[in-house]
Amino acid sequence: MAYTFDFASVLEYSDALLAGTVKTLALTAVGTVFGLGIGILGAVSRAWKLSPFDRIFAVYVELIRNTPFLVQLFFIFFGLPALGLQLNEWQAAILAMVINLGAYSTEIIRSGIEATPRGQIEAAESLAMTRSQVFRHVVLPPALLKVWPSICSQVVIVMLGSSVCSQIAAEELTFAANFIQSRNFRAFETYFVVTAMYFLLAIAVRQAMVQAGQRLIARRKK
C-alpha cells in the first residue's frame, strides 16, 4: 500500500511547535548561564586545588559524567520529593540541565585554565595584581577562548538532551511532538518535522554561542 504524506496535519499545530521551541530555547538559555557559572567555579577549584572544594567538585563531576541524564532527571523529579523537596516539571528540568552542563563544563574549562602559561601568571603577580585580578584578567578570558568551541558543542548536546524532559511532562519541543502525534496519528510527518526543527535549532544555538564568544571573550581579551 502506497503511503500518502500529509504534512499539513502537522502544520495545523504550528502554535504547539512554536511554544515547544520557545520553551526548549528557554531551558537551554537558563541551563547554559547557570551551568557555565558552576563550570567556572568547579574548574577554578580543581585547577588551583582549592580544598575542600576541589574534592567536592571531583566527586560531582564523576557522578554526573558516569550516569545517564534521564536517570538524573528522574532522581530530581521523583526522588527529591521523598526528602521533602518538591519541584515542578520546569524546576526539575532546569536543575537537571544546570547540574549536567556544570559537570561537563567544569572539565572543559579546567583544561583551558591549565593550559595558561605559567609565565603569564607570574608576570601578572609581579605587577602586584591580586589572585582574583589575575584570574579575571589573565587566566579566564584566554582559557575560555581556547575551549569555547568545546563549550559550544556541549551546550548543543545539552539542548538536544532536553528532549528527555518530556518524560516528566515538561512541555518542550518533544512533548509538543508527542502531543501532535497523539492527535493526528501521523508519526512519520510529525517526527520528521521535529527532527528538522532540532537540526535547525542546533545550528542556530551553535552560531549564537560562537557570536557570543567573539563579542564577550575575544573582545575582552583584546
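Read the figures in this text as sums done on the coordinates, not as results from a lab. In this text, all values refer to a predicted model and were calculated from it rather than measured experimentally. A quick note on method: Cβ atoms are made from the backbone with ideal geometry, for glycine too, and the neighbour counts reach across all protein chains shown.
For the peptides 207-215, 159-167, the ranking by packing is 159-167, 207-215, with the highest mean count of neighbouring Cβ atoms within 10 Å listed first.
Computing percent of Cα pairs over 26 Å apart for the structure here picks out one of (i) 31; (ii) 46; (iii) 34, namely (ii).
Spatial offset of region 5-20 relative to region 95-170 amounts to 38 Å, using the alpha carbon center of each. The order of LYS23, LYS146, LYS49, going from fewest to most other C-beta atoms within 10 Å of their C-beta, is LYS49, LYS146, LYS23. Summary: within the chain, the longest segment free of chymotrypsin sites (Phe, Trp or Tyr not before Pro) located in DSSP loops with at most 11 other C-beta atoms within 10 Å is 6-184. The C-alpha atoms of the chain define a longest principal axis, and helix 14-47 lies at about 20 degrees to it.
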